[in-house]
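The values are calculated or read from the model by the stated rules, or taken from the named source; none is laboratory data. These numbers come from a predicted model, not from an experiment. Note that each Cβ is placed from the backbone with ideal geometry, even for glycine, and that neighbours are counted across all protein chains shown. Each accessible area value is taken on the protein alone, full model and side chains, heavy atoms only, with ligands, DNA and RNA left out. Shrake-Rupley method; radii C 1.70, N 1.55, O 1.52, S 1.80 Å.
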Amino acid sequence: MAESKLPYRRIVLKISGEGFCRRGGWGIDADELARIAREVRLVTEEAVQVAIVVGGGNFLRGANAARDTSIPEATAHYMGMLATVMNALALQEALELLGTETRVQSAIAIAACCEPFIRRRCIRHLEKNRVVILAAGTGRPFVTTDTAAALAAVEINADVVLKATKVDGVYTADPHKDPDAKFYATLTYHDVIQQGLKVMDVSAIDLCQTHHVPIVVFDLTIPGIMRRVVKGEVCGTKITT
Ligand code: UDP
């Protein structure tokens, strides 16, 4: 790997479950999966270490499952964490098809197909330019993979959390529903929490604020954007102190 001239040496990329399916859809769509893999592959061509935290909302979100069924909420959250493992394994195969070396590390022990999350081993993989896909969130219920991404970033000393969504940044309201929604190019952590902006969980924002990890929110459906973000181009919304 060449000496990095990029703004970030190590990134945590958070890909929500919605990235794996068509808008309003469910499960894993083959084209969406291949597209995410191509985008990540482009990033790996830059001199940057890549850890990915995958969501699971394309299969199940614990809070919704608990609300809609008689499943106790803690169990429903574990089910949500297992959903993220499916996305992680799918992304691993899609990336390896493109020739990108990967490892999946899970916060819940699943010895047959994932390594356990071990901080120092994760960092070692990253140093060897393997993409590390972090599955099963934090391994504990009642939080989301946004918090897992923020925690991972702090734990592995990443320089930024890149939150890939299907909206091109943060708005005052949902731009798909409100045509008057105003776009923010930059925000402070304080703004996000004070204004209750739906970017990431408050716990995720709080962790990033405490440990000075910037967050960039961008639209992963724009081809090549992930690479541009990694190269420091102004895209989406950047959240800092
Ligand atoms: N989850 C959890 N603990 C974690 C991460 C996730 O309990 O540390 C559960 C939670 O129920 C969540 C689901 O897994 O709704 C799927 O993750 P998330 O909602 O973050 O997925 P995304 O919205 O990013 O697709």
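Of all residues in region 46-96, those satisfying the criterion of being of a type in the set (S, T, N, Q), buried (at least 17 other Cβ atoms within 10 Å of the Cβ) and near the ligand (Cβ under 10 Å from one of its atoms) are Asn58, Thr84, Asn87. Please work out if Ala135 is within 15 Å of the ligand (Cβ to nearest atom) and touching a Pro at 6+ places or on another chain (Cβ under 8 Å). Taking the combined requirement at face value, the residue does not satisfy it. Please tell me if Ala112 is assigned to a loop (DSSP other than H, G, I, E, B), farther than 26 Å from Arg38 by Cα and open to solvent by 20 Å² or more (accessible area, probe 1.4 Å). Against the criterion (assigned to a loop (DSSP other than H, G, I, E, B), farther than 26 Å from Arg38 by Cα and open to solvent by 20 Å² or more (accessible area, probe 1.4 Å)), Ala112 qualifies.
Taken over region 183-196, the criterion of being among the hydrophobic types (A, V, I, L, M, F, W, C) and surrounded by fewer than 13 Cβ atoms within 10 Å (Cβ to Cβ) is satisfied by Ala185 alone. Return yes or no: is Asn64 modelled with pLDDT of 95 or more and assigned to a loop (DSSP other than H, G, I, E, B)? Judged against the criteria, Asn64 is not a match. Looking only at residues of region 1-36 that are surrounded by 22 or more Cβ atoms within 10 Å (Cβ to Cβ) and of a type in the set (A, V, I, L, M), we find that the one that is farthest from the ligand (Cβ to nearest atom) is Ile11.
Taken over region 171-182, the residue count meeting the criterion of being open to solvent by 60 Å² or more (accessible area, probe 1.4 Å) and either at pLDDT 95 or above or of a type in the set (Ser, Thr, Tyr) (or both) is 1. The set of residues in region 130-180 being part of a loop (DSSP other than H, G, I, E, B), of a type in the set (Val, Ile, Thr) and out of contact with any Lys or Arg (no Cβ under 6 Å at 6 or more places or on another chain) consists of Thr138, Val143, Thr144, Ile156, Val167. You will find that of Val50, Val85, Val40, the residue that is among the hydrophobic types (A, V, I, L, M, F, W, C) and either more than 16 Å from the chain's Cα centre (by Cα) or not in a helix (DSSP H, G or I) (or both) is Val50 and no other.
Among the listed residues Ile110, Ile205, Ile193, identify the single one that is more than 15 Å from the ligand (Cβ to nearest atom) and of a type in the set (A, V, I, L, M). From the options Ile110, Ile205, Ile193, the qualifying one is Ile193.
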